[in-house]
Every structure is written in structure tokens, then in C-alpha cells.
1. Of the residues that sit in the range 102-136 and are polar (S, T, N, Q) and within 14 Å of the ligand (Cβ to nearest atom), which one is nearest to the chain's Cα centre (by Cα)?
2. Of the numbered conditions (1) away from the ligand (no atom under 11 Å from the Cβ); (2) surrounded by 15 or more Cβ atoms within 10 Å (Cβ to Cβ); (3) of a type in the set (G, A, S), G155 satisfies every one except a single condition; which is it?
3. When you go through (1) without any contact (Cβ under 8 Å) to a residue 60 or more places away in the chain; (2) of a type outside the set (F, W, Y); (3) in a loop (DSSP other than H, G, I, E, B) one by one for P165, which number turns out not to apply?
4. Kindly list the number of the only condition in (1) under 23 Å from the mean Cα position of the chain (by Cα); (2) touching a residue at least 60 places away in the same chain (Cβ under 8 Å) that fails for D220.
5. May I ask you to list pairs of residues, at least six apart or on different chains, whose Cβ atoms are under 9 Å apart, with the first in the range 114-138 being assigned to a helix (DSSP H, G or I) and the second being near the ligand (Cβ under 9 Å from one of its atoms)?
6. Can you tell me which residues in the range 23-82 are among the polar types (S, T, N, Q) and in contact (Cβ under 8 Å) with a residue 60 or more places away in the chain?
7. Does A65 satisfy the criteria of being more than 20 Å from the chain's Cα centre (by Cα) and under 24 Å from A179 (Cα atoms)?
8. Mind counting the residues in the range 280-293 that are among the aliphatic types (A, V, I, L, M), near the ligand (Cβ under 6 Å from one of its atoms) and buried (at least 24 other Cβ atoms within 10 Å of the Cβ)?
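The values are calculated or read from the model by the stated rules, or taken from the named source; none is laboratory data. As the structure is a prediction and not an experimental result, all values here were calculated from the model. Cβ coordinates were reconstructed from backbone atoms using ideal geometry, including for glycine residues, and neighbour counts include every protein chain displayed.
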Amino acid sequence: MAERATVLIVGAGPAGLVLGNLLRANRVDTLILERGSRARVQTRARAGFLGANSARVLTEHGLDAGMLHNGHLHATCAFRDGNGQFELDYSRLGRGEVHTVYPQQHLVTDLIAEYLDRGGRIRFEVPVTHIDPQTATVSYNGGEAQARFVVGCDGSNGISRRAVPAGRHARDHGVAWLAVLAQAPPSMGTTTYAMHDNGFAGHMARGPHVTRYYLQVEPDEDPAAWPDERIWAELRLRMRVDRFGPLREGPVTERRIVRLRSDVVDSLQHGRLFLAGDAASLISPSAAKGANLAIMEAELLAGALTDALARDDERALAAYSTTCRPRIWRAQEFSHWMITLLHGPADGPDAQFQRLLRRARLDSLRDSRAHQDFFAENYVGI
Ligand code: RFL
């Protein structure tokens, strides 16, 4: 006997959990199937910067208690290179929007608790192995579940996107970051992007005692080749501590290679299967957009599914893919803009030319209010 639900959600990341919570608020019967254990998903450190729209969604739908209590507002970023440093206060630029820094694993923990409170059903350690988009049936561990609609929120390597035959647009940007989490307070009051001949280095707050750093490395680099001392030495060099002040160092608790890649599925619907979050579009973390897109799509889809189920009105559902696509591509475009601002070839015939172009773009960002407004609007919004 197949287990039944009105909406089946595959994956308990930000996309699946925001969707589940919003549907439960509208009294839709939902079942989330998650491959990992509850402990694993609640400790999976990834994003930290929530844009203004994500904070609005969480607030409007009563999901913001943890974020309000433990998150903090963040409105400045700095760019530094051999010529100096400048800082942008984006609360005074563009639409005046700011980020909320709240680590993704804390948000996921809050969302699971709230979803269960709202009477939602969730099953952990249940990897979905097959989805039939026509009958809205999913298979797992020899069992089956069936629903009116299935939503694939299982990330870019999940099974859902493989059940959608639409075209895909994929790009490997040829750049990789060593993503580091350090048990140490932030070294600066700003998010800092440092350009150096050795490659890019980034600094992003995650909380009073945890900081994320990025170091551009070769795509095939082994994280084990980066013991703590090597990471801090390279960060000191690329962040130019001799000029701008020391880093607040501490033990490195996570190091992993993140390849900067994009992979967008052309259609977010096939039959009764819908895609949201990284399952719909993978975006490089260069502009901190992935979790924000996931939350935006979850809100749109929750409204569209509720219209279809409660009012028999499928117009928003039919338009879901075309509504999301331009926003996904705007985010991809800005993320690509950031990648080309922060990285260039280390050598080769074009390296010096590209370095000078990046220098000119940085000068413009430092001096032009119009350029700063463009940056701020795209950096915090979608
Ligand atoms: P997730 O979070 O990957 O969740 C997918 C869930 O699906 C489960 N799953 C399955 N479950 C059942 N059956 C299967 N067959 C399954 N296959 C997979 C997985 O176990 C998992 O629990 O996807 P979602 O919900 O779409 O959320 C996307 C975000 O996680 C992602 O876009 C962001 O983390 C990207 N990102 C950032 N985004 C931001 O908006 N702001 C940031 O500051 C930011 N920083 C980052 C980031 C991503 C990073 N990495 C690691 C790529 C920093 C980093 C380093």
C-alpha cells in the first residue's frame, strides 16, 4: 500500500522546509522525505547571508523567531587589493536593503521544529530512489508514496531534476574555493573581498564565534593539503594583514572544496512534479544567492499549490516556471558578474589585460554612485 499525502516534498533543506511550513499554514497535508538523519541536516553548515526578501518571507509566515533572536543585520562589504581598500554601506545604496546573517543549519533546525508543530509529517533517512512525474508517485527503500503533487527540493545532485526531461544550461566557471569555517570571531566588521596575485580570499561573518573564509585554489586541490597553519598563512598574505590589521585566528572546523558552477533546468515543472531550490538551479556561492532563490521559489510554489488545491485554480501553478526563470537568470547574471570581478587567470597571454579590466571595474565601483546602487540592488535583492 502506497503511503498518501496531498503534497510530497523530497528533501529537507531550506526549499523543502519553507514550502512545507507555508503549505501547513494553509492546512495542506504534506509529507517530507529526507535522505539524511535529522542530526545531519541540522548540522550541515552552508549559507549564512539571507537577503531582504528571504527575511520578509520568514517574518510574514511566522518563521523568524530564531533569526530575530540569534541572527544579526549586516550592511557593509569591503574590497581590498594592492591599491588599498574601500567599503560600501549598502543600507544607504540601492533600495537600502540589508542582509541578515543567520547560519543555514540553524534556520533548518528552526524550520523542522516549526513544521512539526504545524502538524507536518517528515521522515528522515528515507532516500527517494525514483519519481514518476505523471502519477506523482515516489519510491524509496522498497516503499512507495503517492500524492496530488510532488516537489523536488533535493538539491542539484538529487533525483528530482533527473525526472524532468527539459534542457539544462550548465557552466563550470573554472574556479574553485577552499571554503573554511573557523571557530573564531569575525576579523572585521565587513564582508571582505580581497584580490591578490595568489588568488581571491574572502571573509564573511557567521556569528560572534564563527567566521567563514574562502581561498581561491586549483579545482583539483585536496583540502587535506591545507592544515590550519597553511590556511591562516595564506589568508594573512592575501588579506594583507601587514597593511589592514591582523586576523582573529582560531581552529578550523571545516574545510571543503567548492567548485564555482551554475546549472539551470529550463523548465521547473514536468507533469505533477515541480522543482525548487538547488534542484531547479545551482548557483555558485560568489554572491550568496542559492538559499535565497530557494526561499523565494518555495513561497511562490506554496501560493500556487494552495490556489490549485483549495480553489481549483491552477493558473499560478501553470505559470510557476515562467515566473521563476527571469529571477533565476538575474541571480545567475549577478553571480557571474561577481565571479569575473573577484577572479582572473593567474597567467597566460590575457592575464594582465584582464587584471587591468578588473582594476577599472573596482575603480568604478569605488567612485560611481550609479555603479554602487546597481551593486547594492543586486547584492541584497534578486
Ligand atoms: P539543500 O540544502 O541541498 O537540501 C537538499 C536536501 O535534499 C536531501 N536529498 C534527498 N532526500 C531524499 N531523497 C533523495 N534522493 C535526496 N537527495 C538529496 C539532502 O539530504 C538535503 O537535505 O537544497 P535547497 O533546499 O535547495 O537549499 C539550497 C541551499 O542549501 C544552497 O543554495 C545554499 O547553501 C547556497 N549557499 C548560499 N546561499 C545563500 O543564499 N547565501 C549564502 O550565504 C550561501 N553561502 C552556499 C553558501 C553554499 C555553499 N556550499 C557548500 C555550496 C556557502 C557555501 C560554502
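1. Q104
2. (1)
3. Of the numbered conditions (1) without any contact (Cβ under 8 Å) to a residue 60 or more places away in the chain; (2) of a type outside the set (F, W, Y); (3) in a loop (DSSP other than H, G, I, E, B), the odd one out for P165 is (1).
4. Tallying (1) under 23 Å from the mean Cα position of the chain (by Cα); (2) touching a residue at least 60 places away in the same chain (Cβ under 8 Å), D220 fails exactly one: (2).
5. Within 9 Å, the pairs are E114/L17; Y115/A12; Y115/L17; Y115/I32.
6. Initially, the range 23-82 is screened for residues among the polar types (S, T, N, Q), giving 26, 30, 37, 42-43, 53-54, 59, 70, 76.
Passing the criteria: N26, T30, S37, Q42, T43, N53, S54, N70, T76.
7. Judged against the criteria, A65 is not a match.
8. Adding up the residues that qualify gives 1.
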